[in-house]
Amino acid sequence: MRLIWIAIAAATAMLAGPASGQQWPARSVKLIVPYPAGGNVDSAARIVADKLQEKLGQPFIIENKAGAGGMIAGEAFAKSAPDGYTLFVGANGPVLFATEINKREAYNWKKDFMPISTISMTPLVLEVHPSVQATTLKEFLDLAKREPGKLTMASPGPGTTNHLLSELMQSNLELQWVTAHYRGNAPAINDLLGGQVQFAFDQLTVSLQHIKAGLFRALAVTSPHRLKSLPDVPTFAELGYKDFDGQTFTGLFAPAGTPAPVIEKLHETLVAILKDPAVVDKFEKLGGEATPMTPDEFRAYLEREDAKWIPVVRKANIRAD
């Protein structure tokens, strides 16, 4: 009799648990975001959290956990129970680069993270202060070559996509400029507005308003096609620089070991959200594109990004502050 009750209890636990996918979510779900509130990753997370709550009937609560280039959040997430109640809205730095530049193997996305889908892609724009005597990418590169070390680039931090793109360009084109690292986009852009630095590679989310106001001059974008918001600004690729196509992704992850039915339900719901015209419009206003992928496509994308950028990190000997 005792064995029968044990078997019944085990079967009940399995049916009530997240493995079936039918009962998930039965309570609130936490979304860890590795940056402070207000940036493009946080904004993407909040758009998605509101819609997930609407469709799945449980609160999706944002927990901003900034620090160490996103590694604090990544480490906390990697230690979470794989039950579908702790998720991660990650980006290039926290997922791919943070452990490399901090020289601490706190987690490994290939083993510890289960990719669900990309959420959005946000291109970077090469922008200069109006005092810089360059109105085209060619003029800017000629200036940098003619006067090595004179220009200063505003970086939101070591190991960010912005910084890595700068290092890649210097290496591939044999250029040299000074890199000024800041603690985030806001102080970097403030100094560019004030003319203390001359240029930046920045997320369009942050800079579009300043470009439209004439406070920055946009020279090229890193997207594979021209942007609706900046139709007159060429891409690096169409100007002949196909290697400089770096974009900032935001993506949704679950801890490795999360039951497949939960992953499937999350993916199906997220894809429906990202195809909603109102959601597409919200991301366009942020300077990005809603970009769903399958889990396999997302993993393959991360593998390609890892192979492209980790050598840049090592060649430039990029370290955390």
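The values are calculated or read from the model by the stated rules, or taken from the named source; none is laboratory data. Computed from a predicted structure; not experimentally measured. Cβ coordinates were reconstructed from backbone atoms using ideal geometry, including for glycine residues, and neighbour counts include every protein chain displayed. Protein only, heavy atoms only, side chains kept; ligands, DNA and RNA dropped before computing areas. Shrake-Rupley method; radii C 1.70, N 1.55, O 1.52, S 1.80 Å.
Taking all pairs of distinct Cα atoms, average 1/r, flip it, and tell me the Kirkwood hydrodynamic radius of the stretch 123-239 in Å to one decimal place. All intermediate terms of the calculation are to be shown ahead of the outcome.
Numbers: mean 1/r = 0.0716 Å⁻¹.
Mean inverse Cα-Cα distance, inverted, gives 14.0 Å.
If the Kirkwood radius is taken over C-alpha pairs of the chain, then at 20 °C and 1.002 mPa s the Stokes-Einstein diffusion coefficient equals 104 µm²/s. If you roll a 1.4 angstrom probe over the protein chains with everything in place, what fraction of the accessible area of the chain belongs to carbon and sulfur, to the nearest %? Carbon and sulfur together cover 54 percent of it. Ranking 140, 152, 40 by how far each Cα lies toward the positive end of the dipole of the chain (charges on Cβ) leaves 40 at the top. Between the C-alpha center of the stretch 59-74 and that of the stretch 157-175 there is a gap of 26 Å. Computed with every protein chain present, the accessible area of residue 199 is close to 0 Å² [probe 1.4 Å]. Over the chain, DSSP H runs of length four or greater, each weighted -39,500 (n - 2.57), average out per residue to a 222 nm ellipticity of -13000 deg cm²/dmol.
Our coupling estimate for the stretch 142-147, obtained by passing each phi through the Karplus curve with A = 6.51, B = -1.76, C = 1.60 and θ = phi - 60°, is 4, 5, 5, 6, 6, 10 Hz, Gly and Pro reported as x.
Given R0 = 30 Å, the distance between the Cβ atoms of residue 294 and residue 238 translates into a calculated FRET efficiency of 0.55.
Each residue of the stretch 122-139 was assigned a 3J(HN,Hα) from its phi angle through the Karplus curve 6.51 cos²θ - 1.76 cosθ + 1.60 (θ = phi - 60°); the sequence is 10, x, 9, 10, 7, 10, 10, 5, x, 6, 6, 7, 7, 10, 9, 4, 4, 5 Hz, with glycine and proline shown as x.
When nucleic acids and ligands are ignored and a 1.4 Å probe is applied, residue 112 ends up with an accessible area of around 40 Å². On the principal axes of its alpha carbon atoms, the stretch 96-171 extends 47, 28, 18 Å, with the longest extent given first. Across the stretch 202-247, the volume of the C-alpha convex hull divided among the residues equals 70 Å³ per residue. Rounded to the nearest 5, the antiparallel percentage of DSSP beta bridges internal to the chain is 65%. Extending 7 Å from the Cα toward the beta-carbon at both residue 268 and residue 215 defines two label points whose distance is 4.6 nm. If you sort 110, 79, 308 by accessible surface, 1.4 Å probe, largest first, the order is 79, 110, 308.
Accessible surface area normalised per residue over the stretch 83-224 is 36 Å², counting heavy atoms of protein chains with a 1.4 Å rolling probe. Under a model in which nothing but the beta-carbon of Lys, Arg (+1) and Asp, Glu (-1) is charged, the chain shows a dipole of about 480 debye around its Cα centre.
Based on DSSP, what percent of beta bridges with both residues in the stretch 123-239 are antiparallel, to the nearest 5? Present the calculation step by step, with values, prior to reporting the outcome.
Working: 10 of 16 bridges.
In the stretch 123-239, DSSP labels about 60 percent of beta bridges as antiparallel.
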